[in-house]
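Enquirer: Sending over a structure as structure tokens; questions will come in a sec.
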Amino acid sequence: MFLKYLMVGCTAVALGMTLVPQVEAASGAKTAQAKSGKKSVKIARKKSGASVTQASLKKNSSRSYAAAPREAAVPDMDALGLPNVKSTAVLVQDQSSGEVLFERNASAIVPIASITKLMTAMVALDAKPALDEVLEVSDEDIDQLKGTRSRLAVGTRLKREEMLHLALMSSENRASSALSRHYPGGRPAFIAAMNQKAQELGLVDTRFYDSTGLDPHNVSSARDLAMMVAASSRYPLIREFSTTREGFFAVNGRMLRFNNTNALVSSPEWEIGLQKTGFTNEAGKCLVMQAWLNQKPVVIVLLDSWGKLTRIGDANRIRRWVEQLALHSAREG
């Protein structure tokens with residue numbers, strides 16, 4: 001009897017050893033199939049999402065990238081019916097009449113970062129230089145203050161016109177630096193000319209210490225910058241280069257694409273005549289524009305915006321607010 005039980009036990013163990021791998025294999029196949037199924041679902045969802053996105057883009061082709069759903073959650077106006085903007089210093093002005101439509105801390109003197117480059121461009125063009133003259137990026141153009149990077153390596157040779165284009169469109173610091181170095185009298189003379197130009201324009205709150213805006217001592221007020229925007233809008237090249245969406249430039253034997261730092265230039269909802277962005281830790285996110293709203297040129301100055309998209313959201317809220325003002329005036333008239 002013992003031998004019989006022993007033989008049955010051994011047989012059961014043998015069968016168990018044979019069955020276990022089969023069960024694990026089946027389980028593995030099921031898991032793989034489940035994973036495959038999940039993957040297929042994910043792919044299907046991804047394709048479906050792509051189709052929806054593409055359809056949405058076609059349907060909403062008149063909408064800008066900046067007018068994202070999350071921005072819609074922020075009311076355009078506050079309880080007083082004023083623009084619900086988050087930037088620290090703001091000024092909105094009718095350029096034709098000079099009427100200030102809205103302002104907040106417009107007299108505060110603050111760092112302006114790369115908004116500086118509008119003055120850099122004006123001073124560079126005032127000298128009536130040869131725009132086809134080739135300028136070379138040197139070690140002197142490397143940012144030693146903040147260590148910012150650049151796609152213009154030392155030794156890059158571009159025409160002055162191309163340097164100006166990159167400084168305004170892509171906020172290229174080395175291009176701005178090269179423009180100041182190749183000014184008659186060099187960089188010191190260029191900085192002196194920037195401050196002289198500021199005095200001529202009546203910019204009482206404005207001081208410049210470099211041509212890039214990396215120096216936090218480059219300061220101004222929203223009120224002054226509105227005047228600077230109006231002045232720079234009289235230069236056709238500044239208007240053209242600051243609003244170019246993208247451009248290809250031959251850098252050391254390679255064609256590189258540079259984009260505009262302001263996404264709003266690509267928006268069909270905006271007609272922008274001139275713009276410039278800026279950012280440093282001291283200045284925060286900054287944006288100045290001359291845009292046509294209700295067939296009128298309007299200057300918008302946004303300084304020290306918090307958050308990555310705040311200045312874009314603020315600009316969109318201001319545009320809609322101005323449009324509502326015009327609509328309300330038309331109804332009353």
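The values are calculated or read from the model by the stated rules, or taken from the named source; none is laboratory data. Bear in mind the structure is a predicted one, so any value in this text is a computation, not a measurement. Cβ sites come from the backbone with ideal geometry, for glycine too, and all protein chains shown count toward neighbours. Accessible surface is based on the protein model in full, side chains and every heavy atom, while ligands, DNA and RNA are left aside. Shrake-Rupley method; radii C 1.70, N 1.55, O 1.52, S 1.80 Å.
Enquirer: Which is within 22 Å of PHE190 (Cα to Cα), open to solvent by less than 40 Å² (accessible area, probe 1.4 Å) and charged (D, E, K, R), of ASP126, ASP139, ASP143? Show your work before the answer.
Expert: On the way: ASP126 fails: open to solvent by less than 40 Å² (accessible area, probe 1.4 Å); ASP139 fails: open to solvent by less than 40 Å² (accessible area, probe 1.4 Å).
Answer to the check: ASP143.
Enquirer: Inspect all residues belonging to the stretch 179-202 and state whether any of them is in a loop (DSSP other than H, G, I, E, B), open to solvent by 40 Å² or more (accessible area, probe 1.4 Å) and of a type in the set (A, V, I, L, M). Show your work before the answer.
Expert: Our first condition is that a residue be in a loop (DSSP other than H, G, I, E, B); within the stretch 179-202, this holds for 182-185, 201-202.
After this cut, where a residue has to be open to solvent by 40 Å² or more (accessible area, probe 1.4 Å) as well, the list is 182-185, 201.
After this cut, where a residue has to be of a type in the set (A, V, I, L, M) as well, the list is 201.
Yes - at least one qualifying residue is present in the stretch 179-202.
Enquirer: Within the set of pairs 6 or more residues apart or between chains, which connect a residue that is in contact (Cβ under 8 Å) with a residue 60 or more places away in the chain inside the stretch 227-251 to a residue that is of a type in the set (A, V, I, L, M, F, W, C) and open to solvent by 80 Å² or more (accessible area, probe 1.4 Å) with Cβ atoms less than 9 Å apart?
Expert: Note: pairs meeting the criteria are PHE249/MET255.
Enquirer: Could you check the stretch 149-178 and list, in sequence order, the residues that are open to solvent by 50 Å² or more (accessible area, probe 1.4 Å) and over 25 Å from GLY273 (Cβ atoms)?
Expert: ARG149, ARG151, VAL154, ARG157 - these are the residues of the stretch 149-178 that are open to solvent by 50 Å² or more (accessible area, probe 1.4 Å) and over 25 Å from GLY273 (Cβ atoms).
Enquirer: Regarding SER267, is this residue at pLDDT 95 or above, within 22 Å of GLU323 (Cα to Cα) and either out of contact with any Gly (no Cβ under 7 Å at 6 or more places or on another chain) or not hydroxyl-bearing (Ser, Thr, Tyr) (or both)?
Expert: Numbers: at pLDDT 95 or above: yes; within 22 Å of GLU323 (Cα to Cα): yes; either out of contact with any Gly (no Cβ under 7 Å at 6 or more places or on another chain) or not hydroxyl-bearing (Ser, Thr, Tyr) (or both): yes.
It is true that SER267 is at pLDDT 95 or above, within 22 Å of GLU323 (Cα to Cα) and either out of contact with any Gly (no Cβ under 7 Å at 6 or more places or on another chain) or not hydroxyl-bearing (Ser, Thr, Tyr) (or both).
Enquirer: Looking at the structure I just gave you, is VAL265 among the β-branched types (Val, Ile, Thr), open to solvent by less than 60 Å² (accessible area, probe 1.4 Å), part of a helix (DSSP H, G or I) and free of Cβ contacts under 8 Å to residues at least 24 places away in the same chain?
Expert: Details: among the β-branched types (Val, Ile, Thr): yes; open to solvent by less than 60 Å² (accessible area, probe 1.4 Å): yes; part of a helix (DSSP H, G or I): yes; free of Cβ contacts under 8 Å to residues at least 24 places away in the same chain: yes.
Yes; evaluated as a whole, the condition is true for this residue.
Enquirer: Here is a follow-up. Between residues in the stretch 130-155 that are of a type in the set (Gly, Ala, Ser) and residues that are part of a strand (DSSP E or B) and at pLDDT 95 or above, which pairs lie under 8 Å by C-beta distance while being six or more apart or on different chains?
Expert: So the pair list comes out as ALA153/VAL251; GLY155/GLU136.
Enquirer: Considering only the stretch 94-123, state which residues are open to solvent by less than 30 Å² (accessible area, probe 1.4 Å), over 23 Å from the mean Cα position of the chain (by Cα) and closer than 24 Å to PHE208 by Cα.
Expert: Passing the criteria: only VAL123.
Enquirer: Is there a residue being of a type outside the set (Ser, Thr, Tyr), at pLDDT 95 or above, buried (at least 20 other Cβ atoms within 10 Å of the Cβ) and outside any helix (DSSP H, G or I) anywhere in the stretch 226-237?
Expert: Within the stretch 226-237, not a single residue is of a type outside the set (Ser, Thr, Tyr), at pLDDT 95 or above, buried (at least 20 other Cβ atoms within 10 Å of the Cβ) and outside any helix (DSSP H, G or I).
Enquirer: A further question on this structure: Look through the stretch 306-317, keep the residues that are open to solvent by less than 10 Å² (accessible area, probe 1.4 Å) and in contact with a helix residue (DSSP H, G or I) (Cβ under 9 Å, 6 or more places away or on another chain), and return whichever of them is nearest to SER329 (Cα to Cα).
Expert: So the first thing to find is which residues in the stretch 306-317 are open to solvent by less than 10 Å² (accessible area, probe 1.4 Å), and the list is 313-317.
Filter once more, so that each one left must be in contact with a helix residue (DSSP H, G or I) (Cβ under 9 Å, 6 or more places away or on another chain): 313, 315-317.
Working: GLY313: 24, ALA315: 21, ASN316: 20, ARG317: 18 Å.
Filtering the stretch 306-317 for residues that are open to solvent by less than 10 Å² (accessible area, probe 1.4 Å) and in contact with a helix residue (DSSP H, G or I) (Cβ under 9 Å, 6 or more places away or on another chain), the one nearest to SER329 (Cα to Cα) comes out as ARG317.
Enquirer: Does GLU282 satisfy the criteria of being within 17 Å of SER221 (Cβ to Cβ) and surrounded by fewer than 21 Cβ atoms within 10 Å (Cβ to Cβ)? Can you show your working first?
Expert: Details: within 17 Å of SER221 (Cβ to Cβ): yes; surrounded by fewer than 21 Cβ atoms within 10 Å (Cβ to Cβ): yes.
Judged against the criteria, GLU282 is a match.
Enquirer: Of everything in the stretch 203-218 that's open to solvent by 30 Å² or more (accessible area, probe 1.4 Å) and touching a strand residue (DSSP E or B) at 6+ places or on another chain (Cβ under 8 Å), which residue is nearest to CYS286 (Cα to Cα)?
Expert: Among residues in the stretch 203-218 that are open to solvent by 30 Å² or more (accessible area, probe 1.4 Å) and touching a strand residue (DSSP E or B) at 6+ places or on another chain (Cβ under 8 Å), the one nearest to CYS286 (Cα to Cα) is PRO216.
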